[in-house]
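What follows is a single structure, written as structure tokens, with notes after it.
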Amino acid sequence: MWQTLIKSKLILTHDVKRVILRYLNFGKEDRIQPVFHYVESLTEEEVINQLNGLNELYADRHFDLSEAWLSNYHKLGPSFASPNWSVARQSLLGAYFTLEYSVESAALFNPSMVLMGNVGEDGSQNFVMSLRSTGEGHISSISFLEGTIAADASITVSDRDRKINAGTILPTEDEEEYDVVFDPTIPLNSRILFPVSRGECNGMEDVRLTRMKLDDGEEIYYGTYTAYNGKTIMPKLIRTRNFLHFEIRRLHGNAVMDKGMAFFPEKVNGKFVVTGRQDGRHSTIMFSDVLTHQHEYKVLLKLRYDWDVLQMGNCGSPVKTPHGWLLPTHTVGPMRRYVLSMVLLDLDDPARVQATLSQPLLQPDAFEREGYVPNVLYTCGIVKWNQNLILPYAMSDSAIGFASVDVEEVISKMVPYE
């Protein structure tokens with residue numbers, strides 16, 4: 001039994017009313033042609049009347065409705081370019097090829113948490129969470145949520161606005177690399193990273209955030225995620241200083257494969273350190289001189305308990321303690337039951353496992369085991385606050401809960417790894 005483990009009553013669930021605007025792509029000009037001629041035949045008054053009606057229905061649901069209509073008009077291609085048309089007429093044609101997409105109509109799960117800013121006068125600490133939002137077609141995107149950890153380790157989160165925005169995309173020469181920039185007036189809770197490139201067209205999954213301190217003292221937020229194109233997966237990198245400007249980049253090297261790479265929050269002995277899982281079963285560790293390049297990996301530990309014999313992976317970046325690096329893990333046992341655990345790595349040589357838990361830290365209870373994917377607890381990132389570990393976690397891919405536990409109790413229940 002855990003003496004200091006506390007589960008919060010706060011539970012986050014998906015909201016089907018959080019929608020973004022997407023291009024309705026029929027792919028064939030013969031599907032566009034009759035709509036083009038219809039809009040062309042309207043009087044200017046009829047155009048304005050239709051636009052007014054659409055604005056009444058949709059304007060309060062979006063930050064960028066008019067801009068999206070015009071953008072989608074231009075996506076129709078040169079065959080339908082009409083420079084002599086009014087902006088209103090162009091917008092109306094664009095509206096016919098615009099749809100609303102509910103980003104989390106299927107699920108909201110797999111959170112990651114990082115601390116942000118300084119400690120408040122009342123002893124509280126702000127944080128940012130990334131959330132995996134999954135909608136129609138099982139397409140996953142990345143949403144965000146701000147909150148506060150009080151001095152007593154209790155959690156509060158800000159309201160999740162139903163108006164959301166996917167930012168402005170800035171392409172690069174590499175089609176898999178791009179930037180996303182948000183207007184500062186759009187709240188962080190309303191910003192979402194939606195798949196852009198071909199390699200992630202079916203989802204941006206399971207971001208593992210970390211706040212990393214670089215050699216010059218600057219702190220940057222990094223996140224790794226799984227890009228999915230419907231057939232294959234690849235790990236990719238997110239980099240941001242302020243959650244307004246995001247850089248999406250490739251990761252390189254022979255060790256960059258499978259899912260679940262997570263960076264350490266600082267270099268160790270001058271090297272970037274990453275944990276991952278290349279064979280689908282064992283947790284691994286990598287060291288490199290360049291953050292984006294990982295060429296070799298080493299298996300961290302053997303699986304030996306009934307609750308981890310199927311597979312193990314990290315649950316985000318480790319947290320630093322005087323005892324060593326505490327690496328959160330998920331493990332899988334009979335009936336594909338996912339539980340959360342911890343591994344203690346040496347501070348100076350994190351490839352050396354010092355200790356492990358001989359029992360799960362968190363396992364699905366009667367309520368948590370039911371959901372979209374039953375019997376699964378999962379997190380993509382925890383934080384240490386004062387003497388507590390704060391764990392946001394997903395319940396069977398259907399909701400998000402929060403728990404806290406004293407670091408010293410976790411350490412005390414560990415057994416040496418041999």
task = Starting from residues that are part of a loop (DSSP other than H, G, I, E, B) and aliphatic (A, V, I, L, M), keep the ones in the range 95-114 and report whichever is surrounded by the most Cβ atoms within 10 Å (Cβ to Cβ).
result = VAL103
query = Quick one: which of THR321, THR356 is within 23 Å of GLU408 (Cα to Cα), of a type in the set (Ser, Thr, Tyr), buried (at least 19 other Cβ atoms within 10 Å of the Cβ) and modelled with pLDDT of 95 or more?
reply = THR356
Set THR210, THR284, THR185: member being assigned by TED's automatic domain parsing to the domain that holds GLY333, more than 16 Å from the chain's Cα centre (by Cα), under 21 Å from TRP325 (Cβ atoms) and β-branched (Val, Ile, Thr) = THR284
ask   = For the range 141-253, list the strands (runs of 3 or more DSSP E) that sit wholly inside it and hold at least 1 residues that are crowded, with 17+ Cβ neighbours inside 10 Å and in contact with a strand residue (DSSP E or B) (Cβ under 7 Å, 6 or more places away or on another chain); which are they?
value = 155-157, 178-181, 203-213, 219-228, 233-240, 245-250
task = Considering (1) more than 27 Å from TYR73 (Cβ to Cβ); (2) assigned to a strand (DSSP E or B), say which one GLY120 fails and leave the rest.
result = (2)
ask   = In this structure, is ARG89 touching a residue at least 40 places away in the same chain (Cβ under 8 Å) and closer than 28 Å to SER154 by Cα?
value = no
inquiry  = If a residue must be assigned to a strand (DSSP E or B) and basic (Lys, Arg), how many such residues does the range 356-388 contain?
reply    = 1
message = Testing ASN52 on (1) surrounded by 13 or more Cβ atoms within 10 Å (Cβ to Cβ); (2) of a type outside the set (Gly, Ala, Ser); (3) within 14 Å of SER91 (Cα to Cα), one condition comes back false. Which one is that?
response = (1)
key: Candidate set from the range 115-140 (those that are among the charged types (D, E, K, R) and modelled with pLDDT of 95 or more); member that is surrounded by the fewest Cβ atoms within 10 Å (Cβ to Cβ)   = GLU136
GLY260 in a loop (DSSP other than H, G, I, E, B) and buried (at least 21 other Cβ atoms within 10 Å of the Cβ) = yes
ask   = Do we find that PRO350 is touching a strand residue (DSSP E or B) at 6+ places or on another chain (Cβ under 8 Å), in contact (Cβ under 8 Å) with a residue 24 or more places away in the chain and either surrounded by 24 or more Cβ atoms within 10 Å (Cβ to Cβ) or not small (Gly, Ala, Ser) (or both) in this structure?
value = yes
request  = Pairs only if they're at least six apart or on different chains, beta carbon under 8 angstrom, first in the range 239-266 and assigned by TED's automatic domain parsing to the domain that holds ASP216 and among the acidic types (Asp, Glu), second assigned to a loop (DSSP other than H, G, I, E, B) and loosely packed, with under 15 Cβ neighbours inside 10 Å; list them, first residue then second.
outcome  = ASP258/ASP279; ASP258/GLY280
request  = Would you tally the residues in the range 332-355 being within 13 Å of LEU300 (Cβ to Cβ) and not in a strand (DSSP E or B)?
outcome  = 5
inquiry  = Return the residues of the range 1-40 that are in a strand (DSSP E or B) and over 30 Å from GLU409 (Cβ atoms); say none if nothing qualifies.
reply    = VAL19, ILE20, LEU21, ARG22, TYR23
request  = Output yes when any residue across the range 407-418 is in contact (Cβ under 8 Å) with a residue 60 or more places away in the chain, of a type in the set (Asp, Glu) and either touching a Leu at 6+ places or on another chain (Cβ under 8 Å) or within 17 Å of LYS7 (Cα to Cα) (or both), and no when none is.
outcome  = yes
remark   = Exactly one of GLU136, GLU146 is of a type in the set (D, E, K, R), assigned by TED's automatic domain parsing to the domain that holds CYS380 and within 14 Å of the chain's Cα centre (by Cα), and that residue is GLU146
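The values are calculated or read from the model by the stated rules, or taken from the named source; none is laboratory data. None of these values were measured; they are calculated from a predicted model. All Cβ positions, glycine included, derive from the backbone under ideal geometry; neighbour counts span all protein chains shown.
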